[in-house]
Amino acid sequence: MDLDLVKEGTTLLEVPRSSSYTFQGRYAPFKAPVFYNPRMEFSRDLSVMALRVFVKERKPPISICDPLAGLGARGIRYANEVQNVKSVMGDLNADAIPLILKNADLNGVSSKVEVFEKDANLLLAESSEPGKRHDFIDIDPFGTPVHFLSSAVRAVKNKGILAVTATDTAPLCGVHPRACIRKYASVPLRTEYCHETALRIMIGSVVMEALKHDFGTEVLLSYSVDHYLRAFTRLTLGARRGDRAAADAGFLLHCPSCGWREKIKLNAAFDPKCSTCGGSVSRAGPLWCGQLSDPSFLDKMLNEDRSLFNTSRRIEKFLRIVREECEMPISFYVIDNLSSSLKRDVPPIKKVIESLKAKGHKATLTHFHPKAIKTTAPISDIKSAIRGI
């Protein structure tokens with residue numbers, strides 16, 4: 001296997017040589033003998049920061065499980081860059097195991113890692129007994145995470161974190177709705193804010209799986225960037241906590257004619273006609289309707305040292321926008337699209353936000369879309385603000 005040496009954070013990694021495994025002239029992770037995606041460095045940096053915050057709240061040692069390890073980039077970075085952490089890593093690919101061990105030795109963390117050539121669900125199932133469970137489980141598959149959720153929930157400790165990634169954004173965003181229904185038992189919507197709907201469907205699948213085992217779910221950080229969705233959830237044992245989490249699940253109603261949207265509870269009846277324009281209403285879900293991130297957790301992440309990360313500048317800008325989005329309503333509005341529907345020139349997004357705030361509404365940028373806003377204002381007031389600029 002042809003290898004290159006790269007550095008992420010303070011961790012050195014031997015990875016497949018990008019020039020040796022290409023598709024249409026670009027490095028293709030799926031072509032390499034062992035999976036490694038350099039585009040996920042931003043995700044791994046954020047994960048290290050989130051784990052550092054979490055570790056400060058737990059008694060050491062902290063057990064981490066990365067059951068889809070590839071060459072071990074995540075698990076080794078956790079062991080190397082976070083104190084009091086022991087990483088359990090696994091991969092079904094026999095070629096991955098020697099490379100994981102080599103990278104562990106390269107960073108001097110061989111004593112802090114365990115490596116298994118095993119199916120991810122088997123590795124997690126073997127950790128499901130009391131005394132063997134993990135504080136932090138990272139499910140980072142190629143495609144959907146749903147195949148691993150049941151095993152992961154049973155293998156996580158009380159008040160532990162389950163971090164989940166999904167890269168099957170086409171089904172989740174409504175391009176392939178039947179695939180989304182099959183995998184997530186949820187109906188997607190192909191709208192301007194489909195990436196938020198997709199994220200909420202993915203989180204909803206975690207919440208529903210946790211409920212089966214009497215866990216309540218708290219979303220600490222979640223986001224949609226590049227080609228994937230990511231969520232860090234804390235699972236706390238207790239039927240009542242589960243009931244409270246279930247209360248934050250529901251459906252999202254959307255009117256394609258005028259852009260009106262509203263969330264409703266799982267058991268709520270709804271009018272199939274839009275209350276604003278009388279058009280037919282579409283429904284997405286079930287999905288997560290609660291907060292997408294926890295403000296206090298984000299504040300702690302912002303206080304973490306990120307100076308040695310290659311993505312440090314992007315991280316700070318990103319976290320500050322996500323922090324402003326906390327407690328904002330579900331969905332967002334793309335100003336370009338609204339301006340086009342009104343046959344108006346597109347106004348500066350900051351002026352739209354200022355106008356809405358002047359009318360007593362909350363409004364902010366969103367990480368989901370560079371030309372969109374989240375706001376407490378009804379769509380009629382947003383349109384009025386655009387007309388008035």
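Checking S87 against (1) among the small types (G, A, S); (2) modelled with pLDDT of 95 or more; (3) surrounded by fewer than 23 Cβ atoms within 10 Å (Cβ to Cβ), which test does it fail?
(3)
Quick one: count up the residues across the range 183-208 that are open to solvent by 60 Å² or more (accessible area, probe 1.4 Å) and under 15 Å from L149 (Cα atoms).
Residues meeting the conditions: 3.
Select, from S293, S257, the only residue that is of a type in the set (S, T, Y) and either closer than 30 Å to F54 by Cα or at pLDDT 95 or above (or both).
Working: S257 fails: either closer than 30 Å to F54 by Cα or at pLDDT 95 or above (or both).
Exactly one of S293, S257 is of a type in the set (S, T, Y) and either closer than 30 Å to F54 by Cα or at pLDDT 95 or above (or both), namely S293.
Of these, P60, P67, which one is crowded, with 21+ Cβ neighbours inside 10 Å and under 22 Å from G131 (Cα atoms)?
Values: P60 fails: crowded, with 21+ Cβ neighbours inside 10 Å.
From the options P60, P67, the qualifying one is P67.
Take the range 339-375 and flag every residue that is of a type in the set (S, T, Y) and either in contact with a Leu (Cβ under 8 Å, 6 or more places away or on another chain) or loosely packed, with under 15 Cβ neighbours inside 10 Å (or both). Talk me through it step by step, then tell me what you get.
To start, the set of residues in the range 339-375 that are of a type in the set (S, T, Y) comprises 339-341, 355, 364, 366, 375.
Answer for the range 339-375, where residues must be of a type in the set (S, T, Y) and either in contact with a Leu (Cβ under 8 Å, 6 or more places away or on another chain) or loosely packed, with under 15 Cβ neighbours inside 10 Å (or both): S340, S341, T375.
Read through the list (1) surrounded by fewer than 23 Cβ atoms within 10 Å (Cβ to Cβ); (2) touching a Pro at 6+ places or on another chain (Cβ under 6 Å); (3) more than 26 Å from R320 (Cβ to Cβ), then give the number of the only condition that N37 fails.
Going through the list (1) surrounded by fewer than 23 Cβ atoms within 10 Å (Cβ to Cβ); (2) touching a Pro at 6+ places or on another chain (Cβ under 6 Å); (3) more than 26 Å from R320 (Cβ to Cβ), N37 breaks only (3).
Enumerate the helices (runs of 4 or more DSSP H) found wholly within the range 271-389, keeping only those where 2 or more residues are in contact (Cβ under 8 Å) with a residue 60 or more places away in the chain.
Once the helices (runs of 4 or more DSSP H) in the range 271-389 are filtered for at least 2 residues that are in contact (Cβ under 8 Å) with a residue 60 or more places away in the chain, what remains is 295-302, 312-325, 335-341, 379-387.
Looking at the range 271-302, which of the residues that are hydrophobic (A, V, I, L, M, F, W, C) and under 17 Å from P329 (Cβ atoms) is surrounded by the fewest Cβ atoms within 10 Å (Cβ to Cβ)?
In this case the residue turns out to be C289.
Restricting attention to the range 189-232, report how many residues are within 17 Å of the chain's Cα centre (by Cα) and in a loop (DSSP other than H, G, I, E, B). First the steps, then the outcome.
As a first pass, look at the range 189-232 and keep what is within 17 Å of the chain's Cα centre (by Cα): 193-210, 217-232.
Those left that are additionally in a loop (DSSP other than H, G, I, E, B): 193, 226-227.
So the answer is 3.
The values are calculated or read from the model by the stated rules, or taken from the named source; none is laboratory data. These numbers were taken from a predicted model, which means no experiment stands behind them. Glycine also receives a Cβ, built like all others from the backbone with ideal geometry; neighbour counts cover every protein chain displayed. The area values use the complete protein model at the heavy-atom level, side chains included, leaving out ligands, DNA and RNA. Shrake-Rupley method; radii C 1.70, N 1.55, O 1.52, S 1.80 Å.
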